[in-house]
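This report concerns only the one structure given below.
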Amino acid sequence: MKLLTKTNRYYLLLTTVLFALAGVALYYGLYAALRSEVEEQLSNARLHLERRAATGEALTATPFEYQLSVSPVPRPLGYRDTLLLDAQEQEMVPFRQFTFPLQVQGQPRWVTLRKSLVETDDVLGVVLTVLLTVLGLLLLGVVLLNRWLAHRLWAPFRHTLHTLRHYGVQENRVLTFPPVSTDEFAELNDELTRLSQRLVADYEAMREFTANAAHETQTPLAIMQAKLEQMLQLPELANPALAALTTDLYQATLRLSRLHQALTLLSKIENRQFAETAPLHLARLLREKAQQLQPLLDARALTLTLDLAAEPVGLRLHPGLADSLVHNLLQNAIKHNVRGGTIAVQLTPRALEVSNTGPAISGDPARFFERFQKHEAASASPGLGLSIVQQIGRYYGFPVSYTFEPATSRHTLRVRF
Amino acid sequence: MKLLLVEDEPALRTTLMDYLRQSGYVCEVAGSYEQAREKVKLYEYDCVVLDLTLPDGNGLDILRALKADGSRAGVLIISARAALDDRLAGLDLGADDYLTKPFHLAELNSRLRAIIRRRQFQGHHHIAFRDLLVWPEQAEVFVREQPLTLTRKEYDLLLFLLANPNRVLTKEAIAEHLCGDAVDSADSFDFIYTHLKNLRKKLQEKGADNYIRTMYGVGYKLSMD
């Protein structure tokens, strides 16, 4: 929920409660005031009548008999409300009446004075309507003003947010913001700029570290590999025992260097060091890779079918990562296959699906994406292929999923774009 | 064939130098950016094997200098930086090829030969080995003057062997040469065996000598004698 909506909600709640209370208080206050006014008028009329009675005059006859009635029999005394029929409007109308005893020409009489409350109601109605309308307009005005102000005052904040959303640390750029007049936002922007400076510095340091670590590790590996290859050329290597030892060393070196390359790639993806992108022609890439891997397919008598009818449009990936993604998917399908099995690659505008025959694998499929997860513990492969696939998927926001069809014994890896 | 090898790591430099001299190149070495800079300014080379990470400079600048001088030398980058961006930058600047350390020596030689072939002979070049004659640009192979039909992979394999005569080529180096770095389990080496068997059979059908030797457990060798 937006901040504005939230504050407005509280404003509205407060004003509504206040309005309700003020309305009730106003109504009863005004009503009481008007009634006491009516009562005062009635009491004035009584004084007038008493003065007349004291002089021994008869009570004046009034043309509106409902305003004054005189009775020779006692009536309840005091003020009370009553309803009388209005002859003109043919409806019951509220009256305030005042009954008091009076000696008229020596005779005890009970006089009742009445005054209509209809005018009072009308006045009350008008006053309340005017007041409530004004209050309502005020409320509306406050809400609108608030909204407009929020729109204006929060504009720099939204700009900051927009900048942050499109900020990637691998761009190697310190965040800058236009000057803002609101202190709080200026402070926020300053802090963000400082934060981004630190981030850029840290990122740069980490990038350098990864590059240096890769370099420092690869160099001795390269030396070992080259020396071992030279060693294999020596005539002494005709000795099978020596040849076996050297070959084992050589193979272990290759394995180590392959592992190192895969780990470096993974950490680089995690550090988001692949900012560059190029348009990806997935169908072409798949065809190229399939051709490259043909000898491996032949060696295991695998049949590869490519269904590349439609490819996703507008995909942009780092060329190296695209290559790695396709390579690892295909290699995985070859590695975990059975002799004479099949691999089916299906490309649609929404997804790339690689499925292969293969023995059922026990264990949690979610763990296949973890590092160093191997199907066979003794395998020479370090078990990083699917981790790389998943990391590349994560990097570009492509969900990668795995399914196994026990009936046909098919493993399917699916990358959705 | 004159080469300049730019590599700062002494152990790797001597190994590479020995290997390249054994393979018949005239090989000069430079251990630093400054040395390399001086040598490419003073002398002409057929090809420069260039390491990118040098203690006193970036190898890419040497590549830039070569290109700025309009040098005819081919450039093969060797770098421990597996950074894909470096590879792209190097190729963009006009390098002929790129090898990531660690690499197989045989692969280095095969790439060097391809570069030199492209640059120096413009296709008018053939490789002769005993009773074999190969025209690489046309991808034609003759055994005792009779044309030999090979599959793409068999041809690649033969060319790889011819680039490194009289050297033991490991199964790993051959596998990587033929299908990238996809090969990482022992049973995937079977295909090399199949391809070699077919290649040998085709050569023998045309009456070629049996000069592809199997070095048991290690790899194969194209024997000169």
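The values are calculated or read from the model by the stated rules, or taken from the named source; none is laboratory data. Not measured: the values here are computed from a predicted model. Using ideal geometry, Cβ is built from the backbone for each residue, glycine included, and neighbour counts are taken over all protein chains shown.
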*Among the residues of the range A:242-256, is there at least one that is part of a helix (DSSP H, G or I), among the hydroxyl-bearing types (S, T, Y), buried (at least 18 other Cβ atoms within 10 Å of the Cβ) and at the interface with chain B (Cβ under 7 Å from one of its Cβ atoms)?*
yes
*Which one of these is of a type in the set (S, T, N, Q) and at pLDDT below 85: A:Q373, A:Q346, A:Q391, A:Q331?*
A:Q373
*Please work out which one of (1) surrounded by 14 or more Cβ atoms within 10 Å (Cβ to Cβ); (2) at the interface with another protein chain (Cβ under 10 Å from one of its Cβ atoms) is the condition B:K202 fails and give its number.*
(2)
*Kindly indicate the residue of the range A:93-125 that is over 60 Å from the mean Cα position of the chain (by Cα) and loosely packed, with under 14 Cβ neighbours inside 10 Å and also modelled with the highest pLDDT among those meeting that condition.*
A:P101
_Please verify whether A:Q233 is in contact with a Lys or Arg (Cβ under 7 Å, 6 or more places away or on another chain), at the interface with chain B (Cβ under 9 Å from one of its Cβ atoms) and more than 22 Å from B:A173 (Cβ to Cβ), treating the condition exactly as stated._
no
*Say whether the condition of being part of a strand (DSSP E or B), over 15 Å from the mean Cα position of the chain (by Cα) and not assigned by TED's automatic domain parsing to the domain that holds B:P165 is met by at least one residue in the range B:55-64.*
yes
*Of all residues making up the range B:205-225, the number that are more than 12 Å from every other protein chain (Cβ to nearest Cβ) and over 23 Å from the mean Cα position of the chain (by Cα)*: 6
*Can you tell me which residues in the range A:212-228 are of a type in the set (A, V, I, L, M, F, W, C), more than 15 Å from B:D51 (Cα to Cα), within 45 Å of the chain's Cα centre (by Cα) and facing chain B (nearest Cβ under 10 Å)?*
none
_Which count do you get for residues in the range A:143-178 that are small (G, A, S), farther than 19 Å from A:E276 by Cα and touching a residue at least 60 places away in the same chain (Cβ under 8 Å)?_
1
*Which members of the range A:272-298 meet the condition of being touching a residue at least 60 places away in the same chain (Cβ under 8 Å) and more than 11 Å from every other protein chain (Cβ to nearest Cβ)?*
A:R272, A:L282, A:A283, A:L286
*Would you check if there is a residue in the range A:120-140 being part of a loop (DSSP other than H, G, I, E, B) and more than 24 Å from A:A32 (Cα to Cα)?*
no
*Counting just the residues of the range B:205-223 that are of a type outside the set (G, A, S) and over 23 Å from A:T247 (Cβ atoms), which one comes out surrounded by the fewest Cβ atoms within 10 Å (Cβ to Cβ)?*
B:N210
